[in-house]
1. With every protein chain left in place and a probe of 1.4 Å, what is the accessible surface of residue 262, to the nearest 10 Å²?
2. Going 7 Å from the Cα of residue 324 toward and past its Cβ, which residues in region 261-296 have a backbone nitrogen under 16 Å from where you end up?
3. Sorted by accessible area (1.4 Å probe), largest first, how do 88, 299 line up?
4. Rounded, prolate or oblate: which fits region 22-228, taking a ≥ b ≥ c as square roots of the Cα gyration tensor eigenvalues, rounded meaning a/c under 1.5, else prolate when a/b beats b/c?
5. Solvent-accessible area per residue for the chain at a 1.4 Å probe radius, Å²?
6. Return one number: the angle in degrees, 0 to 90 and rounded to the nearest 10, between the long axis of the Cα atoms of helix 233-245 and the longest principal axis of the Cα atoms of the chain.
7. Between residue 207 and residue 297, what FRET efficiency comes out of the Förster formula 1/(1 + (r/R0)^6) with R0 = 30 Å and r the beta carbon distance, rounded to 0.05?
8. Expressed as an acute angle from 0 to 90° and rounded to the nearest 10, what is the orientation of the C-alpha long axis of helix 419-429 relative to the principal long axis of the chain?
Amino acid sequence: MEQYVIRGGNPLVGEVDIGGAKNAALAILAASVMTDETVRIDNLPDVRDINVLIQAMEEIGVSVQRTDRHTVIINAAGIQDLLVDNEYIKKIRASYYLLGALLGKYKRAEVALPGGCNIGSRPIDQHIKGFRALGANVRIAHGRVIAEAEKLTGRHIYMDVVTVGATINVMMAAALAEGRTIIENAAKEPHVVDLANFLNSMGANIKGAGTDVIRIRGVEKLHKTEYSVIPDQIEAGTFMFAAAATKGDVTVRNVIPKHLESITAKLIELGCEVRESDDEVRVVASGPLTHTHVKTLAYPGFPTDMQPQITTTLALSEGTSIVTESIFENRFKYVDELAKMGANIKVEGNTAIIDGISRYTGARISAPDLRAGAALVIAGLAAEGITVVDDIYYVERGYEDFDVKLRGLGAMIEKASTEKEIQKFQLKTG
Ligand code: EPZ
């Protein structure tokens, strides 16, 4: 098992290029099976979740050609099987996007129940409600979701909670339904908009993505397209908070500053200087960090996927901060790991009360999920001494070359798989 071994204490300085958005790319990849014509997708991040989804698509007969690390050419004309189930697909959340995509195109799909990070109970009732409203028969059997329909018919659907996954799934199925679908209380995240733009580039008729009412006029078929995935808001935000926690000066490049507004606003409250230009944001943290309060919310609120990173940074800020997690009920598991590094954080229900300390001390810790894993790396970078982060498998689900990009900013971080390698790193950097 690989680990990150980190010698902390260096401010991160320099420029880093942000890749394509994992969560947009997962939806777009799944949606690419909705046409028999050839689709080209650029700016695809080379991360584990994406590669698992590609493999599952290949297993049902989709041809996926990787022309370079970040580009794929997809043709789904040869799909033979509408059953998606393997050992790996069960571990990712986005497997369920193949439900909406295949149901829309073939009016039938059978997909293993989705896994993903263990951050709460993560029901799929809104997905099922949406498919049923469109006329599908949906049941769960043998660990799979089975959806089938004679035909899909557009409907007025009200989502009981704001959900990215269900909004995306219903949007895909409705794109090939008969008539008009209206999704009310829709999620507004950038990846919802990116998927709508992708589907529209294939001939779909979707309006209102990015607002809470999405209107979809079903079309008979979708056609070929070439599309580039938007930059990853969460990867960018992670580097921005890494700059703050290490008192650094980092420019994140190839981003859409508008998508980073809630993150930028919090960094300014913490006392950082944030300068935006066309497709870059620079974060300078020269003075002491100050406390603030934050509550995670659906977009354009502060993202739940940035909660561990801001908590980790607030633990190094003067005064008392409060972080409230309002999207997932079990997303503070990493706090026990931060405590090993000296953090003073008390979790009560969905709230963390943080008393700032002046410095973390390096420790052996383990990543409980993707974003928490990234946050623990940030803690290691800001800590005195050596930190070893176990279970980096999680981090690699969503960050491409995380260690390489951090080294480019002056961080002392390497991957190691044995105690000997850890010792070697200690000697080399000591
Ligand atoms: C997506 O998960 C992301 N995953 C998550 O990113 C992200 O944290 C989350 O959206 C919120 O932004 C992918 O895009 C693959 P939701 P998703 O449906 O779609 C409740 C990461 O680290 N809900 O928006 O699963 C649910 O329990 C991952 O990259 C229902 O009640 O999230 C939650 O409280 C982690 N019923 C809230 O809605 C449903 O049918 C939001 O969930 C669906 C969801």
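The values are calculated or read from the model by the stated rules, or taken from the named source; none is laboratory data. No experiment lies behind these values; they were computed from the predicted model shown. Using ideal geometry, Cβ is built from the backbone for each residue, glycine included, and neighbour counts are taken over all protein chains shown. Side chains are part of the model used for accessible areas, which takes the heavy atoms of the whole protein and leaves out ligands, DNA and RNA. Shrake-Rupley method; radii C 1.70, N 1.55, O 1.52, S 1.80 Å.
1. Here the residue's solvent-accessible area equals roughly 20 Å².
2. Residues 292-296 fall inside that zone.
3. 88, 299
4. Taking the square roots of the gyration eigenvalues as a ≥ b ≥ c, region 22-228 is rounded.
5. Details: 16410 Å² over 430 residues.
The answer is 38 Å² per residue.
6. 10
7. 0.80
8. With both axes taken from Cα atoms, the answer is about 60 degrees.
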